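To start, the structure under review is shown below, and the notes come after it.
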Amino acid sequence: MRAFLAVAGERHFGRAAARLGITQQALSKRVARLEEVLGTALLERGVRGAVPTAAGDRLLEPARRLLDAGRAAVDAVRATPAGPLRIDVWGHLYAPLRSVAAMIDAAPGLRVESGAGRDYPSVAEALLRGDIDVGFGRVHALPDGAATVDAADAPGAAEGPGGIGAPRGDAALVRRLVRLEPVDAVLSARHPLAAADTLRPADLRHHVLRYPAETTRLDFLTRFADRFGIAARQGGPNLGLDTFLAQLRDAPDQFTLFPADVPLPDDAGLRVVPLVEPTPLYAWSLVWPAGREHPAVAELLRACAGLAARRRWLDHDPTRDWLPDTDRPDAAGV
């Protein structure tokens, strides 16, 4: 049942196998055995991935209740039910908690304790120490070389309690891309491009990209500048959103980037202009320790899948949008 639910939730055998910590071959055998026992096909493989059949759709809810009952029975015997899901976020100027709030709203009954990390490396360290269960933000290469793998590519493992086993290989953390958010340009109302209805990244080539922190700490902005030939860049200490926007308002030769849904304060001295041809996308991911998945991670991922379907959180058109290579959906197993 667990194998069937994993594939039905992921719509992909490779991602489901990674989530369960087993090989794709072992997962396929378990699904085939269940279909044999029930005497009907449960999943249909096609261009849309692995999609439940009519019989599979009817099985989904009873199967979830069965697994929930099994987990409750184990918790009752152990007398140590899993605690709240501890999730830390980073990239605070881009307001990651608004996405976390949407996930929680989409998963009634999910118990969450949220916190704030300084940046991705500090959150990664907290995950590896076991201080938190999940991180949320934009994932990039870690300075110490610790491996972060995409969920679809996580090494196989012998299955343990709850479907989670000890990972093989050197992967320390597992990532799942859950949201791709369009990015706008933000600039002074006195900027020469402030009156534009839209801007192309190429239009910004001869202007100064302002970082909200030191230039070494904003990987997405650096990748954007490298890709679109923006040579002039200025960073500085992170003194918070209000100070940063005030500095930008007084600099008519500079611009910065913000994810489009970030709630910026009303300010007549600033202009927010959508970017097109292409539209840059900011990649938000969940990340957790390989082999130590909190039981509530699966529920959180289901909530994200629902948001992706209802709110187009993973909408991506390679002919229209731009992503750094490391953030592309096909590279992240989405």
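The values are calculated or read from the model by the stated rules, or taken from the named source; none is laboratory data. As the structure is a computational prediction, the values presented were derived from the model and not from experiment. Cβ coordinates were reconstructed from backbone atoms using ideal geometry, including for glycine residues, and neighbour counts include every protein chain displayed.
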Practice item. Check whether at least one residue in the stretch 151-170 is of a type in the set (Lys, Arg), outside any strand (DSSP E or B) and modelled with pLDDT of 90 or more, and report yes or no. Key: no
Exercise for review: Taking the residues in the stretch 193-215 that are of a type in the set (Asp, Glu) and in a loop (DSSP other than H, G, I, E, B) as candidates, determine which candidate is farthest from the chain's Cα centre (by Cα).
Suggested key: Asp197
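Filter the stretch 108-126 down to residues that are touching a residue at least 24 places away in the same chain (Cβ under 8 Å) and part of a helix (DSSP H, G or I) and give me whichever is surrounded by the most Cβ atoms within 10 Å (Cβ to Cβ). Please lay out each step first, then the result.
Residues of the stretch 108-126 touching a residue at least 24 places away in the same chain (Cβ under 8 Å): 110-120, 122-124, 126.
Cutting the leftovers down to part of a helix (DSSP H, G or I) gives us 120, 122-124, 126.
Values: Tyr120: 24, Ser122: 14, Val123: 27, Ala124: 24, Ala126: 18.
My answer is Val123.
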Check your understanding: Among the residues of the stretch 236-243, is any β-branched (Val, Ile, Thr) and more than 24 Å from Trp322 (Cα to Cα)?
Key -> yes
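Name the strands (runs of 3 or more DSSP E) wholly inside the stretch 237-334 in which the number of residues that are more than 25 Å from Ala102 (Cα to Cα) and in contact (Cβ under 8 Å) with a residue 60 or more places away in the chain is 2 or more.
254-259, 270-274
With Arg190, Arg223 as the choices, which residue is of a type in the set (Lys, Arg), in the same structural domain as Val262 (by TED's automatic domain parsing) and in a helix (DSSP H, G or I)?
Working: Arg190 fails: in a helix (DSSP H, G or I).
Of the residues listed, the single one that is of a type in the set (Lys, Arg), in the same structural domain as Val262 (by TED's automatic domain parsing) and in a helix (DSSP H, G or I) is Arg223.
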Review point. Within the bounds of the stretch 300-312, is there any residue that is buried (at least 21 other Cβ atoms within 10 Å of the Cβ), closer than 30 Å to Ile22 by Cβ and touching a strand residue (DSSP E or B) at 6+ places or on another chain (Cβ under 6 Å)?
Key: yes
Practice item. Determine if the stretch 215-225 includes at least one residue that is farther than 21 Å from Arg328 by Cβ and at pLDDT 95 or above. Key: no
